[in-house]
Structure formats: C-alpha cells, structure tokens
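The structure appears below as structure tokens.
The values are calculated or read from the model by the stated rules, or taken from the named source; none is laboratory data. On a predicted model such as this, the values are computed, not experimentally measured, just so you know. Cβ atoms come from the backbone with ideal geometry, glycine included; neighbour counts cover every protein chain shown. Surface areas here come from the heavy atoms of the whole protein model, side chains and all, with no ligands, DNA or RNA. Shrake-Rupley method; radii C 1.70, N 1.55, O 1.52, S 1.80 Å.
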Amino acid sequence: MTDPPNLMPIGRFSASSRISVRMLRHYDANGVLIPAVVDGASGYRRYAPDQLADAARIRELRDVGFGVSAIGALLAVFGTPAYAEALRSQRRALVDEAASARHRLALLERMLDRNEWENTMSDIEVQLIEIPAQTLVTLRATVPNYAAEGQLWERFLPELRRQHIESAGPGGCIEHNEEFRESDVDESVFVQADPGTEAHTPLLATHFPARRAVSATVTGPFAEVIPQAHDQIAAFINDNNLRIAHTDDDVATHHFNLYLNDPSQVPESEVRISVVVPVE
C-alpha cells in the first residue's frame, strides 16, 4: 500500500507544530494525536499536514492547563457547547489560582519585610485569663472553609436587626471543630448580649459560665496571624502545664476568635483579634 503524499516525519512535524518529539510520542500513546502512518517494521511515525491544526489545538489546551486525558476528551467535543463550557470552567479555576498566588506573594512580601521571626512572635500578647459568665447570641452553620466566615456574618447581622438584638460587647467566631479542617468548617458567629436576651431561630441565645482560657492577641491579616497565635498559645499551655478543655458537646469549651475592632471597617493590616482557647 502506498502512503499518502506529503507526510512529515516526526521531527519535521515537531518543528512545525512546536510540540516536542517526546510529547508527540506521549500523545500518540494516549490516543490524543495518532500519526497518519506508523511503519510496522521501524516504528517511524509520520504525520499529515492537516494534523497541524489538531496539534495547535492540543498545544493551546496544554498551555492553559489541561492534562492529557482532558485534552483527549475535549478534542472529542470540539465545536460543541460542552467544549466552550470546559474552557469557561478552566478560566474560573485559573482566576481562583491567580487569587491564591497573589495571596501567597503578599504573605511572602510581609515575611521578607520582617526583621526576625522571633521579633514577630514576641509582639503577640499571650496570657491566662478569666472569662466572666456571659450571654452570647450565635448563628451556627457549616461553611466551605475558614475564609468563608463572612457568609455567616452576611446572614447574622440582618437577623440581629430583625430580632432587635443589641450587641453588648465585641463579636467573634467560635470554631467547633477540635482539629483544623481544610473544608466543611463548623462555626458560630456571635455577639455578646445582655443577660436575659432572647433569640429565635435561626439565632440562639446561650448563657456561658465563667471559665479560664489562654488568649493571644494579634494584629494583621487573618490568614497570617491566626496560626502564629495558636503557636504561641500551644507553647504557653505546655510551659504552664495546662490542658485544653475542648469537649465536643460543650460549646463553652470550644476555642474562638474575638474581634477587637471591626474587620470590615479597618485595613486588613490593622485587624486586631484575640484568639481564645479555654483550658482546665
């Protein structure tokens, strides 16, 4: 059988398509871009000129982050709404990745601006405190992650106004999971209220007894300073032979963050938070 005319050896096709020979072989092995002809004796691959269009599409999909298996699936639906939706979905993912990268870069810049780690940690005020008995009005729900706490506040504040509940002190957020979680975080946002305050669903008014706790007060972006506060609290608890009081079914023992100024009203670098861990 005579081969079609104008076939290109793999090297020439590589040069024209701007895809390495190694990757062309990889695409062939995965059924993504199969040569027009493969010599049965030598294994030499040769490509048709009209395969350059497919190669260009593959290269574009690769360059925007699609893996080999996804590329194969996308080529099968090229020109359909499914193909366009896959591109839009990848754009959303890349936007999220870019935001995450910007956050990491900002954190690195702040780390580089510091003098010494020890100096930064020494700025954190850690102490054993007595929390008086208090009434808290809370809204509890599971949110996607710690950064999504704002979703609770967006529901909580209008509901406080609707129920005519006045704050009697700083608000904050109770973290009900004993462990740090990557997702599905169980939290309650709260405000302090006068004793005897009543609340109705979805809010809950709860009386908390007096308790001991270790607190660490920090200033700065939440994602940066909260881990530092917990590091210092853990060291303080260990050095003073204390024990964390957390019990799953006793909300009064769950650690919480107390916002000493309003995070929505001050720059991120000026947010002041007390991280509070009840102890025995």
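Using the per-residue mean of other Cβ atoms lying within 10 Å as a proxy for protection, in what order, highest first, do the peptides 245-253, 194-202 fall? Provide the component values of the computation, followed by the final result.
Details: 245-253: 14.2, 194-202: 12.0.
So the order, starting with the most tightly packed, is 245-253, 194-202.
With springs only between Cα atoms under 10 Å, which of Q51, Q228, Q192 fluctuates most in a Gaussian network model of the chain?
Result for the chain, Cα springs under 10 Å: Q51 fluctuates most.
Using packing as a proxy for protection, rank 32-38, 142-148 so that the peptide with the highest average count of other Cβ atoms within 10 Å comes first.
On the way: 32-38: 18.1, 142-148: 13.9.
Highest mean packing first, the order is 32-38, 142-148.
Accessible area per residue of the chain at 1.4 Å probe, in Å²? Don't skip to the end; give the middle numbers.
On the way: 16360 Å² over 280 residues.
Accessible area per residue: 58 Å².
Which trypsin sites (Lys or Arg not before Pro) does the range 1-51 hold that lie in a coil by DSSP with at most 11 other beta carbons within 10 Å? Walk me through the numbers on the way to the answer.
Details: sites: R12, R18, R22, R25, R45, R46; in loops: R18.
Filter output for the range 1-51: R18.
So what J values fall out for the range 133-142 if you push phi through Karplus, 6.51 cos²θ - 1.76 cosθ + 1.60 with θ = phi - 60°, rounded to Hz, Gly and Pro as x?
Result, ordered by residue: 4, 7, 10, 10, 9, 10, 10, 10, 6, 9 Hz.
Ratio of Rg to Rh for the range 154-280, alpha carbon only, Kirkwood?
Details: Rg = 15.2 Å, Rh = 15.8 Å.
Rounded to two decimals, Rg/Rh equals 0.96.
Add -39500 (n - 2.57) for each DSSP H run of 4 or more in the chain, then divide by its residues: what number comes out at 222 nm, to the nearest 500 deg cm²/dmol? Walk me through the intermediate numbers first.
Numbers: 8 runs with 110 residues, N = 280.
Mean residue ellipticity, 222 nm, calculated: -12500 deg cm²/dmol.
Can you work out ³J(HN,Hα) from phi for every residue in the range 42-49, in order, using Karplus 6.51 cos²θ - 1.76 cosθ + 1.60 and θ = phi - 60°, giving whole Hz and x for Gly and Pro?
9, x, 5, 9, 9, 10, 8, x
Taking H placed 1.01 Å from N in the peptide plane, check which residues at least 5 places from V279 or on another chain put their amide H under 5 Å from its amide H.
R212, A213, V214, A245
Give a quick list of trypsin sites (Lys or Arg not before Pro) in the range 62-96 that DSSP marks as loop, anything other than H, G, I, E or B, with at most 13 other Cβ atoms within 10 Å.
Values: sites: R62, R88, R91, R92; in loops: none.
Passing sites in the range 62-96 do not exist.
If you place +1 on the Cβ of every Lys and Arg, -1 on the Cβ of every Asp and Glu, and leave all else neutral, what size is the dipole of the range 26-116 about its Cα centre, to the nearest 20 Debye? Walk me through the numbers before you get to the answer.
Numbers: 12 positive and 12 negative charges, 29 e Å.
With only Lys, Arg, Asp and Glu charged at Cβ, the dipole is about 140 debye.
Can you give me the % of accessible surface on the chain that is carbon or sulfur? Probe 1.4 Å, all protein chains present, nothing else counted.
Details: 8530 of 16360 Å².
Here it works out to 52 percent.
As an exercise, identify the trypsin sites (Lys or Arg not before Pro) in the range 155-186 lying in DSSP coil whose Cβ has no more than 15 other Cβ atoms within 10 Å. Let's see the in-between values first.
Numbers: sites: R155, R161, R162, R181; in loops: R181.
Here the trypsin sites (Lys or Arg not before Pro) that fit, given the DSSP loop and packing criteria, are R181.
Karplus couplings for the range 99-109 from phi (6.51 cos²θ - 1.76 cosθ + 1.60, θ = phi - 60°), rounded to Hz, Gly and Pro as x?
With the stated coefficients, the range 99-109 comes to 5, 5, 5, 4, 5, 5, 5, 4, 5, 4, 4 Hz.
Would you pull out the residues with amide H under 5 Å of N261's amide H, same chain only if 5 or more places away, H placed 1.01 Å from N?
Answer set, sorted by chain and number: R272.
How large is the dipole of the chain about the Cα centre if only Lys and Arg carry +1 and Asp and Glu carry -1, each at its Cβ, rounded to the nearest 20 debye? Each step should come with its number before you reach the end.
Numbers: 25 positive and 40 negative charges, 364 e Å.
Magnitude of the dipole: close to 1740 debye.
Consider all pairwise Cα distances in the range 44-98 and report the whole-number % of them above 12 Å. Provide the component values of the computation, followed by the final result.
Values: 1031 of 1485 pairs.
So the portion of pairs separated by more than 12 Å is 69 percent.
Run through every distinct alpha carbon pair of the chain and return the Kirkwood hydrodynamic radius in angstroms, one decimal place. Provide the component values of the computation, followed by the final result.
Working: mean 1/r = 0.0420 Å⁻¹.
When all Cα pairs of the chain are included, the Kirkwood radius is 23.8 Å.
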